[in-house]
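Participant: My questions will all concern the structure given below.
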Amino acid sequence: MARTKTKFVCQNCGYTAAKWLGRCPECGSWDSLVEELETPAKPQQSYLMPQEAPKPKTLDKVMLTEVKRLTTGINEFDRVLGGGLVPGSLVLLGGDPGIGKSTMLLDAGMRFAANNIKVLYVSGEESEAQTAMRARRLGKPGAALLVMTATDLDAVLLQAKEVQPQILVIDSIQTMYNAELQTAAGSVGQVRECTAKLLRFAKATGIAVIIIGHVTKDGNIAGPRLLEHMVDVVLQFEGERSYSFRVLRALKNRFGSTSESGIFSMETGGLKEVANPAGLFLENRAENAPGSVVCACMEGNRPIMVEVQALVAKTPYGMPRRTAVGFDYNRVNMLLAILERRLGMDFGNFDAYLNVVGGMKITEPSADLAAAAALVSSYRNKPVPHGVLAVGEVGLTGEIRRVAGTERRIRDAANLGFTKFVVPKGKLNMEQKTPGIFQAATLEEALDAIFN
């Protein structure tokens, strides 16, 4: 009897070892190596391979063929994809549990079906009755939407070959099982091989495949990092479950730009797109309140007015506390150090709390000036006048550095009723048309312009 060979594979990065190790030498994660059986790869199914061998072509001949995208009618979703779904592409959608990934793709499948585009929705996590309950909440499904519950990938691909859909949705890739590997579903080997098989199937048949991927506690897509390199498009669905707003970003897109983003709102009838999110987070803003400043942050190519709130209070303990929600904690400490060093403020006996209203997460440095102004406003107990917008990156020497898209931020803020714009010093082509623009070279000049 032949002896069964085993190997130990890291579930985080895919590193393979001959024996069990407590810590992965590749990625450094602890207790992530799982024993798997070594099985020889079987020959691929004939329907996964092209009918004829590929031949080289000139680029001019390839450019003559136009690609017709499949549009869902969800403008936010289509724009992030680059104008629609490309036939034969492989799209990966990741996000936190319960954020709305399945709801979005099922809604998109129903929109496709309404336009007579056949969709096969395969769920490995929910039964067909559960999928029907969600579809009933979203609206009336069309006859072109087919649903099935399966985890065997070969059975799914055989059904896809038989019904010939234009779009295949897999929910999720961690539940799919490849019989060629004798390992549990969701392991590194299963996720890698199932994705590779779906990629070959999409390129050979021209069927667009959308797969949902689970994420780890760090927010990264679960499985090997190779997974993101294999697919054509990587979408990330972000948001806090305690808030109704969601943001869809493109981390990778071979058919469009990665600078686009889509804003959604979770309602009782499912996800609703927010077409004009510029002033979305300013609805309940209190006026004449110390520690509140508005900044224009870019979500893709669109500015969104975000309220940054700060609270500076005397600490009851010997060690002051710094807390940041929706803002980089290290940048808060940096801004406090700049205010102490350059402006002579003493935060040594004060707790500092910084919050971005609405559950937004600011990752770009253009909100530095607004955060610093909010901290100064709360420290002095002096409110920022109404209608002031602060945009700019703060350097360690106290200078205000330029940020991209300043003119567009000012233009959108002016449409919402803002009258005073404190921005970094530089050349602008709209100074004559838009009054109230104050250009500051240093943090001290910017704060004088904001409060005076």
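Participant: If the requirement is being among the hydrophobic types (A, V, I, L, M, F, W, C) and touching a residue at least 40 places away in the same chain (Cβ under 8 Å), which of these qualifies: Val312, Val325?
Facilitator: Just a single option satisfies the conditions, and that option is Val312.
Participant: Hey, another quick one. Go through Leu354, Leu343, Leu280, Leu311 for me and flag whichever is at pLDDT below 90 and not charged (D, E, K, R).
Facilitator: Numbers: Leu354 fails: at pLDDT below 90; Leu343 fails: at pLDDT below 90; Leu311 fails: at pLDDT below 90.
Exactly one of Leu354, Leu343, Leu280, Leu311 is at pLDDT below 90 and not charged (D, E, K, R), namely Leu280.
Participant: Sort out which residues of the stretch 400-412 are modelled with pLDDT of 90 or more and either crowded, with 18+ Cβ neighbours inside 10 Å or among the hydroxyl-bearing types (Ser, Thr, Tyr) (or both), and write them in order of number.
Facilitator: Ile400, Val403, Thr406, Arg409, Ile410
Participant: Of the residues in the stretch 231-279, how many are of a type in the set (Ser, Thr, Tyr), in contact with an Asp or Glu (Cβ under 9 Å, 6 or more places away or on another chain) and part of a loop (DSSP other than H, G, I, E, B)? Even if it seems obvious, please write down each step before you answer.
Facilitator: First, pick out the residues of the stretch 231-279 that are of a type in the set (Ser, Thr, Tyr): 242-244, 257-259, 261, 265, 268.
From what's left, in contact with an Asp or Glu (Cβ under 9 Å, 6 or more places away or on another chain): 244, 261, 265.
Remaining after also requiring part of a loop (DSSP other than H, G, I, E, B): 244.
Count: 1.
Participant: Let me ask you something else. Taking the conditions exactly as written (part of a loop (DSSP other than H, G, I, E, B) and in contact (Cβ under 8 Å) with a residue 40 or more places away in the chain), does Asn288 satisfy them or not? Don't jump to the end; show me each part of the working.
Facilitator: On the way: part of a loop (DSSP other than H, G, I, E, B): yes; in contact (Cβ under 8 Å) with a residue 40 or more places away in the chain: yes.
Yes.
Participant: Scan the stretch 27-38 and tell me whether some residue there is at pLDDT 80 or above, outside any loop (DSSP other than H, G, I, E, B) and of a type in the set (S, T, N, Q).
Facilitator: no
Participant: Now a separate question. Considering only residues of the stretch 183-218 that are among the basic types (Lys, Arg) and more than 21 Å from the chain's Cα centre (by Cα), which is farthest from Leu85 (Cα to Cα)? Talk me through it step by step, then tell me what you get.
Facilitator: So in the stretch 183-218, the residues among the basic types (Lys, Arg) come out as 192, 197, 200, 203, 217.
Retained after the next criterion (residues that are more than 21 Å from the chain's Cα centre (by Cα)): 192, 197, 200, 203.
On the way: Arg192: 23, Lys197: 20, Arg200: 17, Lys203: 14 Å.
It comes out as Arg192.
Participant: Quickly run through the stretch 313-357 and pick out the residues that are open to solvent by less than 20 Å² (accessible area, probe 1.4 Å) and not in a loop (DSSP other than H, G, I, E, B).
Facilitator: Passing the criteria: Val332, Leu335, Leu336, Ile338, Leu339, Asp351, Ala352, Leu354, Val356.
The values are calculated or read from the model by the stated rules, or taken from the named source; none is laboratory data. Note that this is a predicted model, so its numbers are computed, not measured. Cβ: placed from backbone, ideal geometry, glycine included. Neighbour counts: every protein chain shown. For accessibility, only protein heavy atoms count, side chains too; no ligands or nucleic acids. Shrake-Rupley method; radii C 1.70, N 1.55, O 1.52, S 1.80 Å.
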